[in-house]
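What follows is calculated from the coordinates using simple rules that are stated; it is not laboratory data. Note that this is a predicted model, so its numbers are computed, not measured.
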Amino acid sequence: MSVQVLNGLAFGVLLLVLSSGLALIFGLRGVVNFAHGAVYMLAAYVAMSLSGRTSFWVALVVVPVVLAVAGLLVDRFGLRYLVGRSPLDMVLLTFGLTFVIADVVQSVWGTQAYTIDPPSVLAGSTDLGFATYPTYRLFVIAVGLLACAGLMTWLKFSRTGLFVRASSDDRVTAGAMGVDVDRVSATVVALGFGLAGLAGVLAGPYLTLSPAMGTQILIITFIVVVVGGLGSIGGPMVAALLIGLANSITAVHAPTLSAYVPYLLMLVVLLLRPQGIAGRRTAL
């Protein structure tokens, strides 16, 4: 049972990092970023190639930073010009970006599946006393939790984090009070892309890489954000861990139901609490 809980925690933390970026972008730009899964997939493939030429540790630092810069460019030359227009315009932009990234991945790496070996220091298993568990998955749990703890600390206690929360509540009022909403929004989009990049790098030695991996995890990530509460950060974090644990446990005890667990959980939450676990529609 303890191994199942750790498996659920590892997958839940991966969802946690990915859904935090998605929730951030939605909270500031009001964009349902359909390209989020594709960015995650691209990060995994780039990390695979970069790890082969340098090391996993270089990829862990470089790939999220490069994708954060890409997020800045997407916001500067795309999302910023669509603010105030039909939500369909935003959807078409991010959906189109998904196809572009998918074509790039298939052109460069092909359609076959890949697996990545974890770095030597993280290979093997660790004896936890109550169970022996793969060291790399423990690393995923630790890095994911640290990243999200850092994100929450930044949002709650930094000046920029204050501007982010204010802008997500009321863009007009925040702008009238002197907040550069466009700059704050660009920062958040960059951070969201960077978090997707971090999740992709972490997923490389953990999951199988394939051109379908972005779509598969994006659906679950959307469910996490809906269950946690649109516009919230804390809610999706709780939802990600809950879905990860539920999925892992049912995969062992009721494997035929495991694929439906996220959908069933979303159905129950929407029936009992339509605004999601966090209970707030827009505030971060």
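For the chain, relative contact order (Cα pairs under 8 Å, six or more residues apart, normalised by length) works out to 37 percent. Going by Cα centres, segment 142-180 and segment 17-81 are how many Å apart? About 19 Å separates the Cα centre of segment 142-180 from the one of segment 17-81. Need one word for segment 2-211: rounded, prolate or oblate. Basis is the Cα gyration tensor (sqrt eigenvalues a ≥ b ≥ c); a/c below 1.5 gives rounded, then a/b vs b/c decides. In terms of gyration-tensor shape, oblate.
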